[in-house]
1. Most mobile of 151, 82, 368 per a Gaussian network model of the chain (Cα springs, under 10 Å)?
2. Once Rh is set to the Kirkwood radius over Cα pairs, what Stokes-Einstein translational diffusion coefficient, in µm²/s, holds for segment 350-414 at a temperature of 4 °C and a viscosity of 1.567 mPa s?
3. Within 10 Å of each residue's Cβ, count the other Cβ atoms and sort 109, 70 from fewest upward.
4. Most exposed first by the Cβ proxy, i.e. fewest other Cβ within 10 Å, how do 197, 93 rank?
5. Name the most mobile residue of 242, 396, 351, meaning the one with the largest mean-square fluctuation, in a Gaussian network model of the chain with Cα contacts below 10 Å.
6. Which entry in (i) 159, 66, 40; (ii) 71, 52, 39; (iii) 72, 59, 45 matches Cα extents along the principal axes in Å derived from the coordinates of this structure?
7. For the chain, modelled as a Gaussian network with Cα springs under 10 Å, which listed residue fluctuates most, 239, 251, 309?
8. Arrange 159, 407 by Cβ neighbour counts within 10 Å, fewest through most, would you?
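FYI, it's all coordinate maths here, none of it is from the lab. The model shown is predicted, which means the values in this text are computed figures rather than measured ones. When we count neighbours, we look across all protein chains shown, and the Cβ atoms used for this are built from the backbone with ideal geometry, even at glycine.
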C-alpha cells in the first residue's frame, strides 16, 4: 500500500540539496585538446554526447537509520541509475515520506522527489504560522505554487514556460479528488464541510551545471482541503509535492516521454516501516509529554513551596505587626492611665491640702485623717495619731494597732 505524505524543509535545505546534487554532474572535458581548444570549448559550452535512456527499470531501496536501517521505501528508477534518498517527516503535517534523487552514470540526467511543502490558514483555534509550514495563507493553484517555488531555487533560473502534461496524469489527480470527496460525504459526521481539490501543473526551466545548460521539468501536485464545516477548529490546509526531471539541453523531451510512460518517479513506503515509524513518533511524543509533565510537576512543587514560604512569611509578619500594634496600644493605654493618674493624684492632693487632711492606706483600704500628725495608727475601729515617730500604742492602748501608710489623695502610693 502506498503511503501519501508531505513534509517541509526550509528553502535553505532545498538549496543545499540542489547544490550537492549539481556538484556531482560531470562535464565532458577538453581532454586530448590543446589548452586553447579546451578553453574555447568551455567558453562556448561543452557539447553533450547523448547517452541512451535505459528502457528497463530497477528497484532501489531507502533505509531508515533511526530504525536500525530498516527498509523504509522502494523506488523504481531507470536501469543503471543510482539512488540517494532518505525518509523525512514534515514538521507541518507530521507525515513521513521519501525524498530522493536518482541519477544517470554521468550525473547529468536526474529524477528527484523533493521535500514536500504544506501550509494552513483560518480555523477557530487561530494557531498562526506553525513551525515548518510555508508562509502562505490561502489556496493557490499548482501553477501558482511553481511560480513561488522557482524563487527558492539557488543560482537563478530561466523559466521557459508551461509544460503540457499527459491526459492520464490529469485524470489521475481528478479521480483522486473525487474519491476523497466521496469518502468525506460518507463520513459527514467527522468530515462534513471539508472539500478536497487536486491540481497538477508543470513548467520547463533552464539552469547551468558547470559548462552545461540543463533543462528541467518541475511538476507540482497540489492537494488542498477547504474546511467550511461547523467544527472548523484547525482551518484549511494545502500540501504539495514537487518532482523534477533534469537533462542536458535538447534531451529533456525524450527523458519526459520515457519517465511518463513508466509513471516515474514512483516510490512506495513499506507498511511495516510505516507502522514502526508511527510507533516511534508516538514513543517520542510520549517521552516528550512525560518530560514536560515532570517539568510541570517540578514547577508546581516549586511554586507550592514558594507559596508556603510566602504564606509563612506573611503570617510571621502579621503576627509581628499585631504584637507591635498590641504593644503600642498597651503603651498608649498605660501612658494615658499614667497621665490620668498624675492629674488625679495632683488634684486629690490639693483637695487634701485644702481640707487640712491626709490620706492613709491601712487594712486594704484608705482613710482620710488629720494632716496635723505624721504618724497614724489603726486598730480596726479607732485611730491614734502622733508626731512622735517612736510612739507605738501596742501594749499601751487596748487593741492590735497597725501603722497606716500615707498615700496620695486618690490612693496612689507616694
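1. So, out of 151, 82, 368, the one fluctuating most is 368.
2. My calculation gives 107 µm²/s for D.
3. 70, 109
4. Final ranking by Cβ density, sparse to dense: 197, 93.
5. Sorting by GNM fluctuation, first place goes to 396.
6. Structure-derived value, by its label: (i).
7. 309
8. Exposure proxy ranking, most exposed first: 159, 407.
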